[in-house]
Amino acid sequence: MSEPEPPTSRESRTAFNEDWAATILGLVLLVLVLTGVIPTGLVP
């Protein structure tokens, strides 16, 4: 039997980085909408 990989394996680290990237992108978009850089009509 093979031993399970530790939680810091390559796949879990990639998923963690993707989560942070999505969070940062969402916050950037929110700031752009709130500051008026992106017009309200473009946001559903």
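The values are calculated or read from the model by the stated rules, or taken from the named source; none is laboratory data. No experiment lies behind these values; they were computed from the predicted model shown. Here the Cβ positions follow ideal geometry from the backbone for every residue, glycine too, while neighbour counts run over all protein chains shown.
Some observations on this one:
Conditions tested, residue by residue: (1) modelled with pLDDT of 90 or more; (2) in contact with a His (Cβ under 7 Å, 6 or more places away or on another chain); (3) of a type outside the set (Gly, Ala, Ser).
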site	(1), (2), (3)
SER2	no, no, no
THR8	no, no, yes
ARG13	no, no, yes
ASN17	no, no, yes
ALA21	yes, no, no
GLY26	yes, no, no
VAL43	no, no, yes
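- Considering residues of segment 13-44 that are assigned to a helix (DSSP H, G or I) and over 14 Å from the mean Cα position of the chain (by Cα) only, the residue surrounded by the most Cβ atoms within 10 Å (Cβ to Cβ): VAL33
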